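The values are calculated or read from the model by the stated rules, or taken from the named source; none is laboratory data. All figures in this text were calculated on a predicted structure; none of them were measured in a lab. Cβ: placed from backbone, ideal geometry, glycine included. Neighbour counts: every protein chain shown. Just so you know, the surface numbers come from the protein's heavy atoms only, side chains and all, with ligands and any DNA or RNA stripped out. Shrake-Rupley method; radii C 1.70, N 1.55, O 1.52, S 1.80 Å.
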Amino acid sequence: SSGINAEYGIAGLDPKTDEPFIASTDLIGCPMVTDDFVVAGTCLEQLYGMCETLYKPDMQPDELFECISQSLLNAQDRDAYSGWGGVVYVIEPNKITKRELKARMD
């Protein structure tokens with residue numbers, strides 16, 4: 001039988017400690033839990049390269065937003081199948097900030 005194959009990115013905060021939790025799954029559901037970053041989608045190689053370049057531990061929310069945004073937009077520029085823009089959520093203990101990214105459409 002056929003089904004939907006999807007890769008998931010999972011992010012949140014531990015309810016007791018407020019420590020970040022990030023993980024991803026591959027197409028068959030195998031999890032990867034890490035402390036720095038996870039990527040998923042059609043431009044994996046480009047995203048890994050950008051995240052490895054821009055990510056550093058203990059970033060403030062604004063720095064993290066900038067890192068995510070630049071990684072996503074620059075990776076998409078190198079993979080036409082990836083889309084045009086994205087939505088970035090920054091999760092903090094007391095709020096969730098959502099921002100939409102618009103990219104080139106040429």
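A few remarks follow.
- All conditions but one from (1) open to solvent by 100 Å² or more (accessible area, probe 1.4 Å); (2) within 11 Å of the chain's Cα centre (by Cα); (3) at pLDDT below 90 apply to Tyr89; the one that does not is (3).
- Any chance Gly12 is out of contact with any helix residue (DSSP H, G or I) (no Cβ under 9 Å at 6 or more places or on another chain) and touching a residue at least 12 places away in the same chain (Cβ under 8 Å): yes
- Some residue of region 46-53 being farther than 21 Å from Glu7 by Cα and either over 13 Å from the mean Cα position of the chain (by Cα) or modelled with pLDDT under 95 (or both): yes
- Within region 68-85, residues that are under 21 Å from Ile22 (Cα atoms) and open to solvent by less than 40 Å² (accessible area, probe 1.4 Å) sit with their Cβ atoms under 6 Å from residues that are of a type in the set (S, T, N, Q) and modelled with pLDDT of 80 or more, at 6+ positions apart or across chains, in these pairs: Ala75/Gln46.
- Across region 1-34, the qualifying residues are those that are loosely packed, with under 13 Cβ neighbours inside 10 Å and among the polar types (S, T, N, Q), and the one among them that is farthest from Pro61 (Cα to Cα) is Ser1.
- Odd one out for Thr97, checked against (1) of a type in the set (Val, Ile, Thr); (2) more than 13 Å from the chain's Cα centre (by Cα); (3) closer than 16 Å to Asp36 by Cβ: (3)
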